[in-house]
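The values are calculated or read from the model by the stated rules, or taken from the named source; none is laboratory data. Note that the structure is a prediction, hence the values are computed from the model and not measured. Here the Cβ positions follow ideal geometry from the backbone for every residue, glycine too, while neighbour counts run over all protein chains shown. Note: accessible area is taken over every heavy atom of the protein model, side chains too, but ligands, DNA and RNA are not part of it. Shrake-Rupley method; radii C 1.70, N 1.55, O 1.52, S 1.80 Å.
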Amino acid sequence: MTETLQTPAATEDRSAEVSVRDLTVVYRTDRGELPAVSRAGIELRAGEITGLVGESGSGKSTLALSLLNAVPAPGRIASGSVEVAGVGDVTKLEGKRLRRVRGGALGYVFQASQNSLNPLKTVGKQLLDLGRSHEVEDLQGLVRRARELAERMGLDADRVLDSYQHELSGGMRQRVGIVLALVLNARVLILDEPTTALDMISQAAVLDIVRAVHRENNLATLIVTHDMGVVSEVADRLAVMYGGRIVEHGPALEVLQRPSHPYTRALIGATARIVGDTTRARALPGRPPDLTTLATTGCVFRDRCPLASAVCEEEDPALVEWTPGRYRACHADPTGDRP
Amino acid sequence: MIEARNITRTYRTHGAFTGPRTVHALRGVDFTLPKGGAVSFIGESGCGKTTLGKILTGLETFDGGELVVDGTELSGLSPRRRAPYFRRIQMVHQDPYSALNPTRTVGQILGDPLRMRAKETGASRREQEDRAAELLELVGLQPDGVLGKYPHQLSGGQRQRVVIARALTVDPEVLIADEAVSMIDVSMRLGILSLLRDLRERLGISLLFITHDVATARYVGEGGELHVIYRGQVIERGPTDRVIQAPVHPYTQCLLSAIPVLRGIEEPGPDRLVPLASLDERTDTPGCLFAPRCPFATDACTAERPALVRLGDGAGGADDPGGADGAAGAGDAGDHRHACLHPEARHVVAVEAAV
Amino acid sequence: MTVTATTPAAAVPARPRTGRRAPWASALRVLVRKPGRIVGLAILVFFALMGVFGPYLYPGDLAVDPEAIYAPPSAQHWLGTDFAGSDVLQELVVGARYVLLTAAVAALATVVIGTTVGLVAGYHRGLADSALMRATDFVLTIPGLPLLIVLSTLWSFGQPLQMGLVLGVTGWGGVARAVRSQTLSLRERGFLEAARGLGLPTRHVIVRELLPNIAPFVAMNLLLAVIQFIGAEVALFFLGVVPFSSSNWGVMLNQAVFSGGVMNSPEALTYLLAPLVCILLITLGIVLFLDAIDELFNPRLRERS
Ligand SMILES: Nc1ncnc2c1ncn2[C@@H]1O[C@H](COP(=O)(O)OP(=O)(O)OP(=O)(O)O)[C@@H](O)[C@H]1O
Ligand SMILES: Nc1ncnc2c1ncn2[C@@H]1O[C@H](COP(=O)(O)OP(=O)(O)OP(=O)(O)O)[C@@H](O)[C@H]1O
Ligand code: SF4
Ligand code: SF4
Ligand SMILES: [Mg+2]
Ligand SMILES: [Mg+2]
């Protein structure tokens, strides 16, 4: 461990569309401002799908929202930067310029977006509203592009544009969310739990679509989920989050095959699988932390970690590149042996 | 033991936009749940799983068929006489957030049904309190830690354990778990599943496990049966592992193909299958319910609705359509049934990657 | 069949039944969290005390001092005197009981009847629901004011109880409807289905499971009903629709305007303003206090901090 980096170095030839550095986001609570995201770094590159996994409350949505500088009150970005190619540091933007970036260069599909459509307006009307709020001149062109995207996703475009939210199934609404996120030619697509409320068949269909539009538009895509299966289906890179920190980060296949952080290992081990020995699988001990129970010194995972040792009590491990392209934040040995 | 024979439930709705509509939530469902056994129902959203669970717990009525609990046919009884039978069947809800009254502590939540039960068993105050503690320990919680807590002070996994403990207060014989883990944190799902398995093995409680995540059905223990339900009809059933490894109905195959593959550890199954279209309840299907989406549909499929038959009895040989021959075949590896005119075993689920 | 514990329940010390804080302690915490709530509560307590003890402070009849008609405020008459030379403060204090008791009785009757009807109708649905809602619709159409005028020819309304009951019995329709719709939406919640599935008695389900969940809503309605009924009742007296039989704030207002000629003698201003300010203060007190209701009844909000 020689180098302590917060952000994977952009050594590869793919250009970074978004690079997050040293980002800390806090929420104001009765006990003062507590960090939901701590010194996180991540890069989204064109042509690459990054999966962000972690338990509920680990700060995934908060991190994703900070990419738009849209953390809701009582939260705020306390430090760090979010550089978006061609736009600059989003955390410095305000007002109209910020609104133009949201939904413009950065397309966002909200968690539970099945329910985030306006129930009183047809999808088409909401599309036009979106266009007007971004001062699109050519509304005809906008509708045309939305039609194309919708058809591309296996939707009957005319019917969908004329529909109200309640007339669409969960899977269809999720697709509409993606259409609206991409219609303004976003280069970055952020999906927060896009399949959580869907059944397996709809989930597979939505993931297929995400993969296809990602490839066709050479997007930089971030997919936030708590489901290891989902990331492993679509992601090229995988970032694992726990207690507001990114604890492991690297190429998805490698991380899944040879997880280097005890939490990643536990998360994979706790996944219900369709093959293999059911008795080998284990739930994680303890409960996921929230802002108030999060350790303030030492490693945030130590209460539930099978490898915790004395040093973990005192020192918060930093995210370091332990082998080219792979990052981890843990004092123990990457193979899972005790330090 | 409970036995369902040809249960049907039809809803007639009058939507403000859609006009009058008939939904066949259940079209004749049969199953037998022996003591300590497990039957899992899997299927897409809206195929009638929750409706079935509610009917079995007495929260919903059925309009055809027969429900037999411990040898007693329930439809012949008055609602008052039915109640004690339904009490033996308890529900574990999908959403542990809404399944517990936010204004009551865990002690009160367990205390109420225990007090009611004490009127029958004559348990003293002290015994009731001990029982509450005992049940919490049984479900893996520290009584001292949680008795005085309100639901919002517990994690999702802890809440679901309290829900299970509450169901156990009335000494049920059957638990109905409707998506019991889908809203629980990933890290804690297996814990709840192994608790359900323990309850089966140690206490002989039977389990009706409802889910759309097939993989979880493997974790509720040995000897389980898997029923695949589509638009209210069971279209394939058999021993859990057998149906997962060698499904013969194209719908089951599509469902199983949709399970994400953990790349790196697993490889996709060789015969993965995708349905031709997404589910549209409005299309009229006189023949096979799955025909509009089935990659193997033939003319025969749209003409005739296949009934559930034993595998090997030949397509269309509807000699035993009900499959209501009771407990005899419950765990039998040979009792694999399907409702397809062209059944063919395919391997669609992931296989473990060679490391 | 009985489930037995697998972990021996050994070494379990006498366990506390609940580890909650005493309810009044957490209620107090909720109140001190925002100063406005304390002010609101203080105002309400002050007027409640005035209603209870007011009449005992000034036993006997109103002293009439013909020497001092419309006297300005002074050490002897803090709020001055009225057209007959009676002390305004005394009238105010003595008159509080009638007004407050009537409003309290009316509000209580409204909320008790409305909540019961709403809960039963919403929980049972079906026949009970249709019957009760028909009754509710009927009550909603009863014109309160004309009915009171008619009734006042039969009764004198000298007793606050009578007037309160008449106001309350004719006013519960809105609360019943609102409670019913809340109940209907709660009915499908998991914990109510579970209670039914466990076979818990209906009364338990309604009183222990449903009621606490709509309690903040009911309490809010109760307080708002108090404001509404004070207004209604004072208006009735002010307009002179109901014959006066005792001194109260409504009567004071009526006399200030119609007998006292407040319009042309500015000295009488305190006579007019005193009851008005009291009514405004009570309204303010209730509004300030309302803010605490949600937290008082919701354990999640209560224990925050
Ligand atoms: N508005 C808020 N006020 C206070 N704390 C908040 C707020 N929003 C989120 N938090 C806290 O911040 C932490 C991170 O929340 P976040 O929503 O980012 O988690 P998540 O990983 O997206 O979880 P989930 O899987 O449940 O969506 C949690 O502990 C949460 O309780
Ligand atoms: N009370 C009702 N009135 C009308 N239709 C209903 C009612 N309850 C259920 N349905 C319909 O019956 C069908 C089966 O619903 P059910 O809730 O049992 O499905 P499910 O398999 O549990 O789905 P999910 O996986 O989404 O929970 C659906 O089409 C649903 O719309
Ligand atoms: S730093 Fe220590 S406690 Fe944290 S994950 Fe590594 S070994 Fe476990
Ligand atoms: S009966 Fe025909 S349409 Fe139906 S599942 Fe079998 S092959 Fe497909
Ligand atoms: Mg989230
Ligand atoms: Mg359901």
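So here's what we get for this one:
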| quantity | calculated |
| --- | --- |
| Contact order relative to length of chain B, as percent, for alpha carbon pairs under 8 angstrom and 6 or more apart | 20 percent |
| Amide H partners (placed H, <5 Å) of B:L262, local residues excluded | none |
| Inter-label distance for A:T292 and A:D158, nm, one decimal - labels placed 7 Å from Cα along Cα-to-Cβ | 5.6 nm |
| Using a Förster distance of 56 Å, the FRET efficiency for B:E281-C:E67 (Cβ separation, nearest 0.05) | 0.05 |
| Reachable aspartates and glutamates, given that their alpha-carbon falls under 12 Å from the alpha-carbon of B:K49 and they are not under 8 places away in the same chain | B:D178, B:E179 |
| Residue-by-residue Karplus 3J(HN,Hα) for the stretch B:93-108, coefficients 6.51, -1.76, 1.60, Hz, glycine and proline x | 6, 5, 10, x, 6, 9, 7, 10, 5, x, 9, 10, 7, 4, x, 5 |
| Solvent-accessible area, 1.4 Å probe, carbon plus sulfur percent, for chain B | 50 percent |
| The protein assembly as shown: calculated mean residue ellipticity at 222 nm from DSSP helix runs of at least 4, using -39500 (n - 2.57) | -12500 deg cm²/dmol |
| Per-residue HN-Hα couplings for the stretch B:33-41 [Karplus 6.51, -1.76, 1.60; θ = phi - 60°; Hz; x = Gly/Pro] | 10, x, 4, x, x, 9, 10, 10, 10 |
| Degrees between helix B:186-203 axis and first principal axis of chain B (Cα, 0 to 90, nearest 10) | 80 degrees |
| Hz values of 3J(HN,Hα) by residue in the stretch C:39-53 - Karplus curve (6.51, -1.76, 1.60), Gly and Pro given as x | 4, x, 4, 4, 4, 5, 5, 4, 6, 4, 4, 4, x, 6, 9 |
| Straight-distance crosslink candidates among lysines, where the alpha carbon sits under 19 Å from B:K35 and sequence neighbours closer than 8 are dropped | none |
| 5 angstrom amide H check on A:V109, placed H, neighbours 5+ away | A:I190, A:L191, A:D192 |
| Relative contact order (percent, whole number), the stretch B:190-286, Cα cutoff 8 Å, 6+ residue spacing | 17 percent |
| Förster radius 41 Å - calculated FRET efficiency between C:S181 and B:A118, Cβ distance, rounded to 0.05 | 0.70 |
| Cross-link partners of A:K92 among aspartates and glutamates (Cα-Cα below 12 Å; sequence separation of 8 or more within a chain) | A:E83 |
| Interchain or long-range residues, amide H under 5 Å from B:L141's placed H | none |
| Surface per residue (accessible, 1.4 Å probe) for the stretch C:90-238, Å² | 41 Å² |
| Sites C:L147 and C:L284, calculated FRET efficiency, Cβ-Cβ separation with R0 35 Å, nearest 0.05 | 0.70 |
| Net charge contributed by nearby residues that have their C-beta within less than 12 Å of A:L68 (K/R +1, D/E -1) | +2 |
| Percentage relative contact order, chain A, counting C-alpha pairs under 8 Å, at least six apart | 22 percent |
